[in-house]
Amino acid sequence: QLLDVGHAVTLVLPFLPPEEQDQAFHGSAYFDSQQDQETFVRGWIREQAPGKEEKMGLLFYLGKYSVDFGSILPVGDVTEIFQAAPHSDFCILEEPEHLTWFHFGRRWTDIFDYVVGIMHTNYLAYAWRFGFFGPVKTVFLYGVNLLVCEIHCNRVIKLSDAVQYLPKATTCNVHGVRERFLTIGMDAGTVPQDFTQGAYFLGKMAWEKGYRHLFILATAYHRRTQNILSIVLYGNGHDLPAIRHACEVNPSLAGVKFYGDALDHGSPDLRKYRVFLNPATSDVICTATAEALAMGKIVVVRKHPSNAFFSIFRNCITFSSEDDFAQAVDSAMSMTPLPLSKEERSALSWTAATDRLVDASRMDPNSPLRNKFGLALHRFHRAFTQFLRP
């Protein structure tokens, strides 16, 4: 959208050493060099947004995969790659906290005129799972996130209130879905769909993605209705063997089936499903839920801040208890999805998301761009991270 109105845009991506790529990509991609990765990315842009691949600038920084957080952490000072960059007006830091936990270079606000951080991931939920010391790590991480966002951002946008309190923050979903999904949804609204399959979920095979919640709810569904919940899980990840085993030892989960590959959500194989079922609460906002709504499916989600944006859609059914879940699933399986309204289609589009981004990025006029407090915090954090480089 920014390219369309004449702005120069550069996308900055991590490059993982080849030996770590399988941990992050699970065999779906492999790059020997940054040039290989750039060729792949430009090819993807060419398919999704024809004519934009040559206009988009691309830069890469070296990353390291963190198994604990399921994220790619920067190695070294990322800001060094901008020394020769011609534009330094505006920077969007996707997940500013994990990009700057170990950052020992210059403040991002010293390099760019204005920096907006967008919070995608509830890392506190990841930290909590670290056994006995999980709560301690969660409290520590809460404080570190406050610190780095204060240092490096002029504005912070939380995609939902599932994220912790942060300085200079506002809550707004600034994400949209690709036009491809909206086109599928438009076709579904004009041509009667033959939904031959019931419920599915698409997501990374990691316990944090809500699989424990799903299995608890499926067990309760069996107990209350005497019926087995049938659902197909699409995706792969490091917890796949453990998730499979949990199903094998619980008779109430006999209806859970696995499709080991992470298909593109717009794949014809997934269009036959009527219901997208996502009980997770660890996501800040789930892209797959938005895509399912865009394709004209019914979505069943927990009543939770992470799903507040979706709850306004007519094809969204929320639940707040095990009893509600059983009722929601049975209702969803018997319903015919309603065609997306013009307003619903617009709300899911990247055009509307970009407009929301522009509005949400405006800083509080009473908040100074730079202050001595932020400078002091940066000096402290920079000294501390000299000893913690990943």
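Restricted to the stretch 309-340, and to residues there that are of a type in the set (Gly, Ala, Ser) and in contact with a Lys or Arg (Cβ under 7 Å, 6 or more places away or on another chain), the residue that is surrounded by the fewest Cβ atoms within 10 Å (Cβ to Cβ) is Ser320. Scanning the stretch 140-163 for residues that are under 20 Å from Ile92 (Cβ atoms) and of a type outside the set (A, V, I, L, M) yields a count of 9.
Among the candidates Gly176, Gly235, which residue alone is in contact (Cβ under 8 Å) with a residue 40 or more places away in the chain and crowded, with 17+ Cβ neighbours inside 10 Å? Walk me through it before giving the result.
Values: Gly235 fails: in contact (Cβ under 8 Å) with a residue 40 or more places away in the chain.
The conditions single out Gly176.
Based on what the data block shows, is Phe319 without any contact (Cβ under 8 Å) to a residue 60 or more places away in the chain, in contact with a strand residue (DSSP E or B) (Cβ under 9 Å, 6 or more places away or on another chain) and either small (Gly, Ala, Ser) or farther than 18 Å from Phe195 by Cβ (or both)? Step through it out loud before you land on a result.
On the way: without any contact (Cβ under 8 Å) to a residue 60 or more places away in the chain: yes; in contact with a strand residue (DSSP E or B) (Cβ under 9 Å, 6 or more places away or on another chain): yes; either small (Gly, Ala, Ser) or farther than 18 Å from Phe195 by Cβ (or both): yes.
It is true that Phe319 is without any contact (Cβ under 8 Å) to a residue 60 or more places away in the chain, in contact with a strand residue (DSSP E or B) (Cβ under 9 Å, 6 or more places away or on another chain) and either small (Gly, Ala, Ser) or farther than 18 Å from Phe195 by Cβ (or both).
Scanning the stretch 282-294 for residues that are over 17 Å from the mean Cα position of the chain (by Cα), surrounded by 14 or more Cβ atoms within 10 Å (Cβ to Cβ) and not in a helix (DSSP H, G or I) turns up nothing. Residue count for the stretch 73-100 satisfying the condition of being within 21 Å of the chain's Cα centre (by Cα) and modelled with pLDDT under 90: 1. Being touching a residue at least 60 places away in the same chain (Cβ under 8 Å), among the β-branched types (Val, Ile, Thr) and in the same structural domain as Gln164 (by TED's automatic domain parsing) holds for only one residue in Val41, Val116, and it is Val116.
Against the condition at pLDDT below 90, closer than 25 Å to Asp77 by Cα, over 18 Å from the mean Cα position of the chain (by Cα) and surrounded by fewer than 21 Cβ atoms within 10 Å (Cβ to Cβ), how does Phe104 come out, does it pass? Working first, answer last.
Working: at pLDDT below 90: yes; closer than 25 Å to Asp77 by Cα: yes; over 18 Å from the mean Cα position of the chain (by Cα): yes; surrounded by fewer than 21 Cβ atoms within 10 Å (Cβ to Cβ): yes.
Yes: the conditions hold for Phe104.
When Arg274 is tested against (1) surrounded by fewer than 19 Cβ atoms within 10 Å (Cβ to Cβ); (2) modelled with pLDDT under 95; (3) among the basic types (Lys, Arg), exactly one condition is not met: (1). Looking across the stretch 247-270 at every residue that is touching a Phe, Trp or Tyr at 6+ places or on another chain (Cβ under 9 Å) and crowded, with 16+ Cβ neighbours inside 10 Å, the one that is farthest from Gly27 (Cα to Cα) is identified as Ser252. The strands (runs of 3 or more DSSP E) located wholly in the stretch 120-221 that include 2 or more residues which are of a type outside the set (A, V, I, L, M) and more than 25 Å from Ala360 (Cα to Cα) occupy 197-202.
Do the conditions hold for Tyr61, that is, is it of a type outside the set (A, V, I, L, M, F, W, C), surrounded by 12 or more Cβ atoms within 10 Å (Cβ to Cβ) and either modelled with pLDDT of 90 or more or not in a loop (DSSP other than H, G, I, E, B) (or both)?
Numbers: of a type outside the set (A, V, I, L, M, F, W, C): yes; surrounded by 12 or more Cβ atoms within 10 Å (Cβ to Cβ): yes; either modelled with pLDDT of 90 or more or not in a loop (DSSP other than H, G, I, E, B) (or both): yes.
So Tyr61 fits the description; yes.
In this structure, does Asp77 turn out to be exposed (fewer than 15 other Cβ atoms within 10 Å of the Cβ), in contact (Cβ under 8 Å) with a residue 24 or more places away in the chain and touching a helix residue (DSSP H, G or I) at 6+ places or on another chain (Cβ under 8 Å)? Can you show your working first?
On the way: exposed (fewer than 15 other Cβ atoms within 10 Å of the Cβ): yes; in contact (Cβ under 8 Å) with a residue 24 or more places away in the chain: yes; touching a helix residue (DSSP H, G or I) at 6+ places or on another chain (Cβ under 8 Å): no.
No; evaluated as a whole, the condition is false for this residue.
The values are calculated or read from the model by the stated rules, or taken from the named source; none is laboratory data. Note that this is a predicted model, so its numbers are computed, not measured. Because the Cβ atoms are built from the backbone with ideal geometry, glycine has one as well, and the counts that use them run over all protein chains shown.
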